[in-house]
Every structure is written in C-alpha cells, then in structure tokens.
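Each remark here refers to the structure printed beneath this line.
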Amino acid sequence: LQEPQTSSPTTRLETPAEVIAFRRHFPIFRDKMHLASNSMGALSEEVIEAQRLYLDERLRYGTTWRFAMPRHEELRAAFADLIGAKTAEIALCASATQALGAVASCFDWRERPGIVFDEYSFPSTTYLWRAQEQRGADVRRVDARTDGSLPPQQFEAALDASTQIVATSRVCYKNGYRQDVAALARLAHDHGALMVVDDYQCLGTRAVDVRADDCDVLVSGSAKYLLGSPGLGFLYVKEELVGRLHPTLTGWFGQEDMNAFQVNSHDEASDARRFQTGTPALSAIYESLAAIRLLKEQGLGKVGDWVGRLTRHAMDRLAAEGYAFATPLDDERRGPQISIRVKNGAGVIEELLARGIVCSSRDGNIRTAWHYYNTVEDVDALVDGFNAMPAEWTGRAA
Ligand SMILES: Cc1ncc(COP(=O)(O)O)c(C=O)c1O
C-alpha cells in the first residue's frame with residue numbers, strides 16, 4: 001500500500017522468555033519456522049493430546065456423546081469469554097461460511113434488500129452474499145482506494161435506507177489490512193443496518209470485545225490464529241438480535257431440546273444455538289477447546305502486544321533491506337499478517353520452504369503471519385532468506 005520506509009531505524013527487539021516458553025508447546029518449531037497461521041495455525045502438544053483423548057474415548061466407550069456434549073458447551077463458554085460475549089450468544093458451526101449462511105437464511109431480502117461487503121472480504125463469504133440475489137438481495141461491493149486503504153468513509157456511498165447488512169473482514173486475508181470495525185459499525189448503525197464481522201484473520205492475536213466494537217454478528221473459525229482444527233466455525237450473534245432472527249437453515253442441534261426427537265413442530269433454541277444445524281466436528285471441538293485454553297493462559301492482551309511489536313519490527317527490518325509491502329505501515333491498520341510484494345511468488349515460497357520457512361502467497365505477494373510463538377530470530381531468518389534470493393525474484397530495491 002505504501003512505499004517502504006527505507007530510512008526507519010531498526011531497533012533491536014528481544015524475544016520475551018514467555019514467548020519462547022509458549023513456542024515450546026508447538027513441535028513444528030523444532031525444525032521449521034511457522035509463518036503461516038493465516039492459513040493454518042501451528043499444532044500444539046495440547047491439541048494433539050485432545051485429539052488422542054477424543055479417539056481414546058471412542059475406542060473405550062464406543063460412543064462419545066456424554067463426554068463430547070459437555071465439551072461442546074465448554075467451548076461455547078470459552079469462546080464467549082474470549083470475545084467478551086455470553087455463552088447464549090454463541091453457536092458452533094461447521095465453518096465460518098456456513099455460520100454466515102445460517103444468519104443469511106433468516107432474512108427476507110425483498111423487504112430490505114441491501115447487502116454491502118468490501119473488496120477485502122474473503123471470497124467464500126462474497127459468494128454467499130451474491131447467492132442471496134436469488135432471494136431478492138441487492139448486493140453491493142465497496143472497493144479500496146487506489147492507495148489500498150479502505151476506511152469506513154469509503155462505504156458511505158453504498159449505504160442507504162435499504163441496507164440490511166454491512167459485512168467486512170476485520171483483517172484482509174491477502175494484504176493484512178485491518179479495518180476500523182467500531183467506526184464501521186457506527187456507520188452501519190446510523191443507516192439502520194447490521195454490522196457483520198468476519199474475524200477469521202485476526203481473532204487469537206489481539207484482545208477483542210464485541211460489545212465495544214458493537215458488532216451484531218461475528219464469525220471466525222478454529223483452524224488459523226485460534227490454533228485449533230478445521231471443521232469448526234464460531235458464530236456470535238448479539239443477544240438483542242437472537243430473538244429476532246429465525247434461521248431457515250436448521251436441524252436438531254438448533255432445537256430448544258435437541259434430545260426431544262419429536263416431529264410435531266420446529267421448536268428453535270431460545271439462544272444462539274438456534275443457528276446450529278447437525279452434529280459439529282466433535283474431534284475439532286476437543287482440539288479447539290484445548291487450543292483456546294492455551295491462548296487464554298497467555299492472555300490475548302499480551303499476545304496482541306507481542307504480535308504488534310514483532311510485526312512492526314519485521315516491517316522495519318524488511319523495509320531497511322529494500323522490500324516493499326502490500327500491508328499498511330500504520331500499526332492501527334495492520335493485523336498479524338505482513339504481505340511482502342515480490343516478483344516471483346512461487347519461486348520465493350519454494351526457496352523459503354527449502355530453508356524451513358513455511359508461508360504462503362496470494363496476489364503474487366508473500367504472506368507472512370505472526371503469532372505469539374514467533375520470535376525476533378524468525379524475523380532474522382526471513383530477512384536472511386529474502387536476501388539470499390535474486391532481486392528479480394524478491395523485487396528488492398537496489
Ligand atoms: C477471513 C476468512 N473468512 C472465511 C474463511 C473461510 O472459512 P471457512 O472455510 O471456515 O468457511 C477464511 C479462510 O481462509 C478466511 O480467511
């Protein structure tokens with residue numbers, strides 16, 4: 001988005017002992033450098049142990065419902081606590097997209113058709129919004145400015161009295177741009193619209209308070225910065241809104257009494273569990289619970305502080321070496337991801353992998369993701385890896 005700050009001073013940052021201790025929970029760091037939490041978080045001993053427990057219980061007892069269902073509720077409570085919500089506001093879904101689908105199924109778009117999303121949304125969610133056109137929705141996309149910024153004011157022209165939903169991603173999956181969710185929520189609410197936030201590319205790396213942000217709906221998933229496993233989407237729906245929404249995508253997990261097994265009526269749950277459908281991935285529930293507990297032991301405030309300092313340091317170091325970014329330099333507009341502009345994305349990824357550095361590419365940029373287990377030494381290794389490649393690959397300024 002901006003030119004690199006080649007003149008910025010590079011102060012030496014020390015990796016705190018707590019970060020080094022946290023890193024030891026993740027066996028991958030014995031021989032690799034995991035900079036891909038935006039794709040899939042590193043696997044901890046605790047998550048491996050949780051999966052073993054799930055399998056052991058199935059082996060020993062044949063069925064696991066009586067162990068799994070209490071964990072289902074524990075996970076709802078743990079996730080609620082993580083984002084400043086109540087357990088009654090949380091549903092466990094199959095994926096982030098499916099969670100949004102359950103919300104979308106509640107609306108008769110013909111009454112109030114406007115759905116506004118932005119260019120930095122994850123494509124999967126945009127397909128879901130566009131599919132609502134078949135049901136009467138008027139879908140509008142807000143594009144970023146030419147400098148790559150996407151401030152709330154950019155949404156103003158797309159909003160009017162017909163807007164039902166304003167949807168954004170807190171952090172963009174491709175360039176790491178972090179939206180000012182609280183300001184965008186104010187704007188959405190000024191137009192009588194609901195604020196829907198996709199927090200899959202950030203949640204787990206900084207403190208979140210859904211009430212302070214005033215989101216109406218928030219979705220995320222377990223597999224990335226929340227350090228769990230695929231197969232689990234998290235949905236928050238604000239308590240005041242739950243009673244007004246009646247999903248038409250539903251099932252037995254969405255019933256007030258899921259064990260009633262009656263076929264006389266559809267008796268939806270009084271709380272956010274009404275957004276659930278069938279059996280969620282039980283193994284992923286065990287794993288995600290272990291992962292969230294591990295994160296909570298650290299505290300998201302502390303995690304956010306380190307991720308903020310480490311990403312700042314990494315950008316300063318890379319900029320000083322002549323590399324350019326698709327990610328904003330402004331700390332307030334950056335999440336846990338730094339996207340580095342390169343000329344040969346596939347080549348750079350392969351070369352980094354050969355050095356044991358795991359990251360990914362999108363839009364021709366190298367995406368590096370930073371979490372509480374990443375260190376200053378990871379930054380050094382990344383810079384060394386980049387410097388070892390030809391400038392025709394990395395786009396390094398002379
Ligand atoms: C921001 C964001 N939203 C949604 C998704 C898709 O999540 P799911 O596959 O759980 O629907 C991703 C996956 O990368 C993502 O990065």
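The values are calculated or read from the model by the stated rules, or taken from the named source; none is laboratory data. Small disclaimer: the values here were computed from a predicted structure and weren't measured. Methodologically, a virtual Cβ is constructed for each residue, glycine included, from the backbone with ideal geometry; neighbour enumeration extends over all protein chains shown. For the accessible areas, the whole protein counts, side chains as well, though only heavy atoms, and no ligand, DNA or RNA atoms are used. Shrake-Rupley method; radii C 1.70, N 1.55, O 1.52, S 1.80 Å.
Numerical summary
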{"item": "Residues Ala397 and Gln154, FRET efficiency given R0 of 22 Å [Cβ-Cβ distance, rounded to 0.05]", "result": "0.15"}
{"item": "Value of Rg to Rh for region 86-197 (Rh from inverse mean 1/r over Cα pairs, i.e. Kirkwood)", "result": "0.95"}
{"item": "With every protein chain in place, region 41-162: carbon and sulfur % of accessible area (1.4 Å)", "result": "50"}
{"item": "Top positive-direction residue, dipole computed over the chain with Cβ charges, set His189, Phe253, Ala161", "result": "Phe253"}
{"item": "Dimensionless Rg over Rh [region 298-398; C-alpha; Kirkwood]", "result": "0.95"}
{"item": "Residue pairs, from the table Lys224/Lys302; Lys174/Lys238; Lys174/Lys343; Lys174/Lys296; Lys174/Lys224, whose Cα atoms sit over 25 Å apart", "result": "Lys174/Lys238; Lys174/Lys296"}
{"item": "Region 266-341 and region 149-191: distance between their alpha carbon centers, rounded to Å", "result": "19"}
{"item": "Solvent exposure of region 259-362 as accessible area per residue, Å², 1.4 Å probe", "result": "38"}
{"item": "Local electrostatic count at Phe117 - Lys and Arg +1, Asp and Glu -1, tallied over other residues with Cβ under 10 Å", "result": "0"}
{"item": "Pairwise label distance in nanometres, Arg293 with Ser270, each label 7 Å out on the Cα-Cβ vector", "result": "3.0"}
{"item": "Relative contact order (%) - criterion: Cα under 8 Å, at least six apart; region: region 11-115", "result": "11"}
{"item": "Convex hull volume of the chain per residue (C-alpha atoms, cubic angstrom)", "result": "139"}
{"item": "Most to least accessible of Asp190, Asp214 (protein chains only, probe 1.4 Å)", "result": "Asp190, Asp214"}
